[in-house]
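See below for the structure under consideration.
The values are calculated or read from the model by the stated rules, or taken from the named source; none is laboratory data. Note that the coordinates shown come from a computational prediction; the quantities given were computed from them, not determined experimentally. All Cβ positions, even for glycine, are placed from backbone atoms using ideal geometry, and neighbour counts span all protein chains on display.
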Amino acid sequence: MTTNPTGPSQLTTSTSHLAPAVERRDDRTFEMRFTSTPRGARLARRLTAVRLDAWGIPYATEAHEEIVLIVAELTANAVRHGHVPGRDFHLRVHAPADGRTVRVEVTDTRTERLPRRPTPVSGTSGTEETGRGLLLVSRLAARWDWHPRPDGPGKTVWAEYTLPERVPPRDNSNERSE
């Protein structure tokens, strides 16, 4: 059976090897820099999906799909509107130990293009292909905003997603290693 490595997929094997060897239960944080390209945004989305599953927010659940969609929108915006040649964007996904929220932060290095609060525009046909990403984020997230990047030029756009019920960290200690 041949699989398409570039098509949409979900991992069917254990992903415990992708998590840090010593990840404390109270520290579920994934952060990484990605190239400010569509490929970097796709990789950020896929790695976040793997990490959420490892944290006990499984594939094919509403929470998993909505958080991954938030990551997709924020990283796509960083590539499209926050791109500075030669500079990467930074993704940070954090799920506190209480298991109630997941916070997504995307930092780019472009200062002059700041996000505007989305407002539904009356009289539009709804067929536009762009301009609705932050509107979608605002509908999925409990709250979102942005702030200037503290350590240099740019900004961080963040969104907090409220999980429908407490999602405790997955105990991977009983899984067999391959």
Restricting segment 141-163 to residues that are assigned to a loop (DSSP other than H, G, I, E, B) and at pLDDT 90 or above, the one nearest to G86 (Cα to Cα) turns out to be A141
State the number of residues belonging to segment 52-94 that are assigned to a helix (DSSP H, G or I), touching a helix residue (DSSP H, G or I) at 6+ places or on another chain (Cβ under 7 Å) and closer than 16 Å to T35 by Cα. 8
